Structure formats: C-alpha cells, structure tokens
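Quick notes on the structure that follows.
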Amino acid sequence: MSTQPHVAVIGGGIAGLTLALELHAADIPCRVYEAVPEVSAVGVGINILPHATRHLTRLGLQDALAAVAVTTEKSLYFNRFGQHIHTEAVGRAAGYEWPQFSIHRGDLQKVLADAVRDRLGPDALLTGHRCTQVEDDGTGVTLSFTHPDGSTSTARADAVVACDGIHSAVRKQLHPDEGRPVYSGYNMWRGVAPWPAVLGGASMLRAGWLDTGKLVLYPIRDRVDDQGRQLVNWVVEIATPHHAERDWNRTGRIEDFIDHFADWHFDWLDVPALLRATDDILEYPMVDQEPLPWWGRGRVTLLGDAAHPMVPRGSNGAGQAILDAACLAGTLVQHPDVTDAFAAYEAERRPATAAVVRANRTNPPDAVLREVYERTGDQPFERIEDVISATELEGIIGAYKRVAGYSPGELQQH
Ligand SMILES: Cc1cc2nc3c(=O)[nH]c(=O)nc-3n(C[C@H](O)[C@H](O)[C@H](O)COP(=O)(O)OP(=O)(O)OC[C@H]3O[C@@H](n4cnc5c(N)ncnc54)[C@H](O)[C@@H]3O)c2cc1C
C-alpha cells in the first residue's frame with residue numbers, strides 16, 4: 001500500500017489535470033473532482049510557452065499536443081496602420097529546447113484529460129462533482145459536493161489542492177474578505193474563424209494599442225477545411241469604462257467593437273473581414289485579483305487561476321498553472337509531511353506568480369505597442385528605428401520573459 005498522501009484535486013481544468021499527471025508521475029495517488037457533468041471544448045485559443053511545454057514534454061505529452069496545436073515560430077508587432085514594428089523568433093525557432101504551442105483550450109484540456117484517464121484509470125476524473133466546502137481537521141480533509149441532479153455527497157482525502165479557477169469556491173472559503181476583482185479599464189472580445197494562413201501560418205501577431213483598439217491573433221488548428229485554412233484565434237482589447245462580471249462563456253456583440261477596426265485593411269490581413277467571419281464572439285473584462293498574502297493552510301492549498309487570477313495578456317495563465325503543478329509535485333516528493341510540502345510550494349510559487357500578475361498589469365510583452373503609440377502620438381512613422389531601437393524593444397520583451405520565468409538563460413539553469 002502507498003505511504004504517500006491521497007490528494008484530492010478540485011477542478012479538472014488545465015491546472016487540475018496537469019497536477020494529476022504530475023502527481024501520478026511522482027507515484028502520489030490522487031483523484032480529480034470536476035464540477036461540469038462532461039469535459040467539453042470550451043474557451044478559445046491559448047498559448048503555452050517553452051517554460052510550460054518543457055514540463056508537458058517531461059510528462060510525455062509533446063507529440064499529442066503537436067498533433068492538435070500550431071507550433072508557433074514568430075511573434076510580430078504592428079501599429080494600427082499595419083506598419084511593422086518588430087519580429088522575434090519564439091519557441092524552438094528561438095533556440096529553446098521546447099516549442100511554443102498555440103492551441104484551442106478545449107484541445108489542450110482533452111489531451112490532458114485523455115492522459116489522466118489512460119494513466120490513472122477511468123475513475124481518476126470524476127465529473128459532476130462541484131465542491132462547496134473543505135474541512136481540514138488536522139488528520140485529513142472532508143470535501144463536500146453537489147451534483148447536477150441536486151444531490152450531495154462527501155469524500156475524504158489526506159490533502160486538497162483547489163484548482164477551481166477564477167471563481168474558486170475554496171479561495172472564497174479561505175479568503176472571505178478578499179476584495180472585488182480589479183478592472184484594468186480594458187474589455188476583451190475574442191473568437192475563432194477559419195481563415196487562410198496569415199504571415200506564414202505559424203505567427204502570433206499583436207497590433208494597435210488599447211486606447212484606440214488592439215488586436216492579438218494566432219492560428220490554433222491547421223487545415224480545418226478542404227481549402228487548407230487554419231482556425232485563427234483573435235482577441236481585441238479596447239479601453240472601455242464599463243464591464244460585465246467575469247465569465248469565460250459570456251457572449252459578445254460585434255457592434256460593440258467593430259468600428260475601432262473599420263479601416264484595418266492591411267496587405268497581410270483584412271481585419272474587419274476576419275472579425276465578421278466569426279460566428280460566436282465571447283466577451284471578457286480584463287480583470288485580475290490583488291495577489292493574496294497567503295494561499296492555503298495546513299492540508300489545503302490553491303493552484304492555477306484559483307491562486308493567482310491574472311489579466312490574460314502575457315500568455316501565462318495556463319503556463320503559470322503548469323509551473324505550479326510541477327513545483328507542488330516536487331515539494332510533495334521532498335517533504336514527507338504534506339503541510340511542509342504545501343508551505344514549501346507556496347513559498348516558491350506565491351511570490352513568483354504575484355510578480356507575473358503585476359507585470360501583466362504594467363509591462364507585458366505588448367508594452368512595446370504602448371511605447372510606439374506614445375512616441376509617435378498615434379501617427380504612422382517613416383522608419384521604426386527613428387521611434388525606438390531594436391535593443392529597446394528586445395529589452396521590454398526580455399524583461400517580461402525574466403519575470404514570467406522563460407528567459408533562455410533561466411531555462412538553461414533550471
Ligand atoms: C470555460 C473556460 C473558458 C476559458 N477560455 C479561455 C480563453 O479563451 N483564453 C484564455 O486565455 N483562458 C481561458 N480560460 C482560462 C484558462 O483556462 C486558465 O486561465 C488557465 O488555463 C489556468 O487554468 P485553471 O485550471 O487554473 O483554471 P480553469 O481552466 O478555469 O479551470 C478550472 C476548472 O475548475 C472547475 N471548477 C470550478 N469550480 C469548481 C468547483 N467548485 N468544484 C469543482 N470544479 C470546479 C471548472 O469547471 C474548470 O474546469 C478559460 C477557462 C474556462 C473555465
């Protein structure tokens with residue numbers, strides 16, 4: 001019989017499923033309790049950068065991910081007139097040992113869920129289990145659940161990791177007086193549409209700036225129809241005084257933002273045509289939460305968005321959750337006492353992720369767009385070199401990489 005603690009993982013999103021795979025690889029038994037009755041392809045695109053694909057590769061998932069994702073090679077920056085500001089190689093193309101993937105969130109979740117069921121068995125992921133409360137009595141934890149039919153149940157575990165996302169029930173229980181989400185002043189609309197390859201078909205591009213309208217675009221699936229088109233993910237962000245409550249599934253309306261992009265007809269992309277080709281538009285306010293002074297106590301801790309909700313601007317929501325999971329499994333192996341392991345995990349990951357939350361507010365990689373917007377007074381430029389040097393641009397992007405933990409030097413060392 002295993003002497004390792006039995007860990008209950010609340011939430012079968014990116015964080016919870018990755019954690020289950022990490023625990024399994026470390027011979028630590030666990031079970032995932034997911035609220036929704038069935039794991040389905042919700043959300044749109046996300047990026048996984050080399051600091052996170054490194055761990056997914058160690059877990060043996062790289063080929064499965066590469067089969068459904070786009071392996072991103074370049075990141076490009078433009079102003080709202082379609083003028084090129086900067087290009088940098090990313091992932092393997094930049095010399096990293098691990099790729100950058102642009103992927104549908106549902107495809108990522110499915111790869112993880114399939115691996116959990118394959119490796120841990122069909123009962124390892126229990127859907128239809130919404131956790132409402134956890135109670136740590138010093139020797140173990142009792143979890144309470146509600147089910148889709150209205151019934152309730154309880155389960156027992158040696159330790160609990162809450163990976164239940166931005167509306168985390170456990171975070172609310174542990175931190176009942178936490179403040180409201182902090183609104184950045186920017187609203188986001190996003191969607192996907194089948195589209196011919198843009199700028200080579202392996203490029204992530206960012207254009208414009210938040211005050212007048214910013215676009216982020218990257219392909220997330222290859223060859224989605226007989227014309228060989230890709231599924232292209234787009235996000236627009238615009239300064240907006242009002243916002244709705246955060247809900248990943250809220251429907252958005254094209255008339256609320258299309259005017260900002262009406263004249264974005266570039267030789268490399270007709271932006272209004274792409275936006276109009278989208279069937280389902282989603283809306284999300286750019287909010288985060290002030291970093292917490294502590295995450296968990298005793299046998300209960302938080303992980304992923306439940307621990308550190310961040311503005312989705314630096315391609316790091318999923319990535320930091322994956323880094324959390326790797327760290328937590330490591331501390332559980334190192335420390336025989338689960339409470340020591342959770343304390344060591346929190347000591348490492350809480351300051352690291354708080355720095356990312358703050359950097360996403362102020363200086364994510366797209367701060368290069370702000371620099372050009374401000375220095376040109378939102379006018380076209382003759383030569384980008386007269387506005388900002390390549391060294392300065394690389395400095396801004398490099399500073400974010402160091403905070404988020406994927407600067408090449410840092411990945412070499414660890
Ligand atoms: C529906 C949805 C759509 C998203 N779309 C995008 C997107 O388009 N782009 C983007 O960048 N990010 C998106 N995200 C967020 C992104 O997945 C996360 O930022 C990141 O991957 C960190 O993952 P996480 O597992 O911590 O949180 P999440 O991916 O949010 O996963 C949390 C999981 O916990 C489950 N859960 C919640 N409450 C309970 C409970 N009480 N008991 C049991 N289970 C519970 C949820 O159903 C979910 O499966 C989305 C998240 C969700 C849930």
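The numbers here are math on the coordinates, done by the rules we state, and not lab data. Note that the structure is a prediction, hence the values are computed from the model and not measured. Neighbour counts are summed over all protein chains in view; Cβ atoms, including those assigned to glycine, are modelled from backbone coordinates with ideal geometry.
Quick notes
- When the Cα positions of Val36, Gln334, Gly208 are compared along the charge dipole of the chain, Gln334 comes out farthest toward the positive end, with charges on each C-beta of Lys, Arg, Asp and Glu.
- Set of aspartates and glutamates near Lys172 by C-alpha distance (under 12 Å), chain-local residues within fewer than 8 positions excluded: Asp164
- Annotation for Ala197 and Ser153: the two label points, set 7 Å from Cα along the Cα-Cβ direction, are 4.8 nm apart.
- Packing-based ranking of 319-329, 353-363 yields 319-329, 353-363, ordered from highest to lowest mean Cβ neighbour count within 10 Å.
- Put a plus charge on the Cβ of each Lys and Arg, a minus charge on the Cβ of each Asp and Glu, and nothing anywhere else: the dipole of the stretch 299-401 about its Cα centre is then about 340 debye.
- Cβ crowding within 10 Å averaged over residues, with 62-68, 147-153 ranked highest first: 62-68, 147-153
- Cα point-scatterer Debye curve for the chain, base-10 log of I(q)/I(0) at q = 0.09, 0.10, 0.11 Å⁻¹: -0.54, -0.67, -0.81
- Dipole of the stretch 151-261 [Lys/Arg +1, Asp/Glu -1 at C-beta], most positive-end residue of Val170, Met188, Val198: Val170
- For the chain, a simple Cβ point-charge model (Lys and Arg +1, Asp and Glu -1, everything else neutral) yields a dipole of about 340 debye relative to the Cα centre.
- Computing Rg and the Kirkwood Rh from the Cα coordinates of the stretch 130-179 gives a ratio, Rg/Rh, of 0.98.
- If both residues of a DSSP beta bridge must be in the chain, then about 75% of such bridges are antiparallel.
- The stretch 113-154: projected area of the alpha-carbon convex hull, averaged over directions, in nm²: 3.9
- Per residue of the chain, the DSSP helices (runs of n ≥ 4 H) give a summed -39500 (n - 2.57) that works out to -9500 deg cm²/dmol at 222 nm.
- Nearest 10 degrees, 0 to 90: helix 367-376 Cα axis against the chain principal axis: 30
- Cα shape, the stretch 64-114, gyration tensor, a/c 1.5 rule: oblate
- Debye log10 I(q)/I(0) for the stretch 65-200, one point scatterer per Cα, at q = 0.12, 0.14, 0.21 Å⁻¹: -0.85, -1.01, -1.33
- When Phe145, Phe266 are sorted by how many other C-beta atoms sit within 10 angstrom of their C-beta, beginning with the fewest, the order is Phe266, Phe145.
- For the stretch 1-127, the dipole from Cβ point charges (+1 on Lys and Arg, -1 on Asp and Glu) about the Cα centre works out to 300 debye, to the nearest 20.
- Put in order of Cβ neighbour count within 10 Å, fewest first, the listed residues His86, His308 become His86, His308.
- In degrees, nearest ten, helix 390-404 long axis to first principal axis of the chain (Cα): 10
- By the Kirkwood approach, averaging reciprocal distances over each pair of separate Cα atoms, the stretch 191-235 gets a hydrodynamic radius of 10.9 Å.
- Antiparallel %, DSSP beta bridges [both residues in the stretch 6-127], to 5: 65
- Helix 317-334 axis, angle to the chain major axis (alpha carbon atoms, nearest 10°): 30
- Prolate/oblate/rounded call for the stretch 363-404, Cα gyration tensor, a/c under 1.5 rounded: oblate
- For the chain, the relative contact order is 19 percent, taking Cα pairs closer than 8 Å that sit 6 or more residues apart in sequence and dividing their mean separation by the residue count.
- Going from the fewest other Cβ atoms within 10 Å to the most, the residues Ile46, Ile10, Ile254, Ile85 appear in the order Ile254, Ile85, Ile46, Ile10.
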